[in-house]
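Peer 1: Mind having a look at this structure? Questions to follow.
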Amino acid sequence: MLTSIRGLSAATLSAGLLISAAPAFANEADSVDASSEEATSQTATVIDSELDRATAPVEAAKVSYADGESGFDVSANVALVSEYRFRGVDLSGGEIAIQGGVDLSTDIGIYAGTWASSLDEDTVGYGSTEVDVYGGWSGDVAEGLTADVGVIAYLYPDAGPGDFDYIEFYGSLGFTFGPAEATVGVAYAPDQDSLGSTDNFYVYSDVGVGIPGTPVTVTGHLGYTDGFLTFTNDSKAFDWSIGAEANVYGPLSLGVAYVGAEGDIPAGQYDFVDDAIVFTLSASI
């Protein structure tokens, strides 16, 4: 269970090109903390990422600026979403959120980056901004198989008094089958003060299938949380998403997803995990 998220008596929860985005919660009834395939946004070669901000809406497209002499690429993304959903949880109070990030990747697979999103400071209780900083390694391990391992810090720079920031370790495998891609991954946040001196374990799977002859990709996500970052009394919860994304013009993409998560929300409290349709407009810069 949590001690702080956004004001409920449950636990909280903790995203990339298929589905995800990323934060943390606490869940005691007396206070609210503020998150998720999030986080997200990592390197241009990774399907999931932050684990997803796992069920956060479709992540922004990325464009790389390669320097053949230096051996690294820089990519950037920006997005406007109708709601910021992290692993199925509403972190923007049902309002529009502005998001964006920058990534640096090397030719040997090592990468680092940062991603940020606006939050609803009145509903969520983590301040007005989430900033994720991450780094790791990703690359091909066999034909049609990629791996990604790393660590991410979820930071809330203008949150009120108390512990909000936390660190999570993650790993995933990505598979390619013709027009289809699938990712399975795990994320683990060890005991930290911001997690009520407990830990959090997350496992998820993302799937994307391109429709031949069209710019449309159908996406799906299923995640499971065991630990502090849930809104359930037993600290266990599933989250899910199904949607579609399409490149509409140059670097501009549109996405829509049906997103939700399990939660035991007391009557009269704000429902952070109610099912919702999330729209995404994203672009590379």
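The values are calculated or read from the model by the stated rules, or taken from the named source; none is laboratory data. Being a predicted model, the structure only gives us computed values, none of them experimental. Because the Cβ atoms are built from the backbone with ideal geometry, glycine has one as well, and the counts that use them run over all protein chains shown. Accessible surface is based on the protein model in full, side chains and every heavy atom, while ligands, DNA and RNA are left aside. Shrake-Rupley method; radii C 1.70, N 1.55, O 1.52, S 1.80 Å.
Peer 1: Could you count how many residues in region 219-245 are surrounded by fewer than 24 Cβ atoms within 10 Å (Cβ to Cβ) and part of a loop (DSSP other than H, G, I, E, B)?
Peer 2: Result for region 219-245: 4.
Residue-wise test of (1) crowded, with 16+ Cβ neighbours inside 10 Å; (2) assigned to a strand (DSSP E or B); (3) basic (K, R).
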site	(1), (2), (3)
Y134	yes, yes, no
I152	yes, yes, no
A182	yes, yes, no
S194	yes, no, no
Y204	yes, yes, no
G213	no, no, no
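Peer 1: Something else about it: Kindly provide the set of residues from region 110-126 that are open to solvent by 10 Å² or more (accessible area, probe 1.4 Å) and outside any strand (DSSP E or B), ordered by number.
Peer 2: If the condition is that a residue be open to solvent by 10 Å² or more (accessible area, probe 1.4 Å) and outside any strand (DSSP E or B), then L119, D120, E121, D122, T123, G125 are the ones that fit.
Peer 1: Does I98 count as part of a loop (DSSP other than H, G, I, E, B), among the hydrophobic types (A, V, I, L, M, F, W, C) and open to solvent by 20 Å² or more (accessible area, probe 1.4 Å)?
Peer 2: Taking the combined requirement at face value, the residue does not satisfy it.
Peer 1: Moving on to the next point. Which of (1) assigned to a strand (DSSP E or B); (2) at pLDDT 95 or above does V248 not meet, given it meets every other one?
Peer 2: (2)
Peer 1: While we're on this one: Identify the single condition in (1) open to solvent by 10 Å² or more (accessible area, probe 1.4 Å); (2) modelled with pLDDT of 95 or more; (3) not hydroxyl-bearing (S, T, Y) that E130 does not satisfy, given that it satisfies every other one.
Peer 2: (1)
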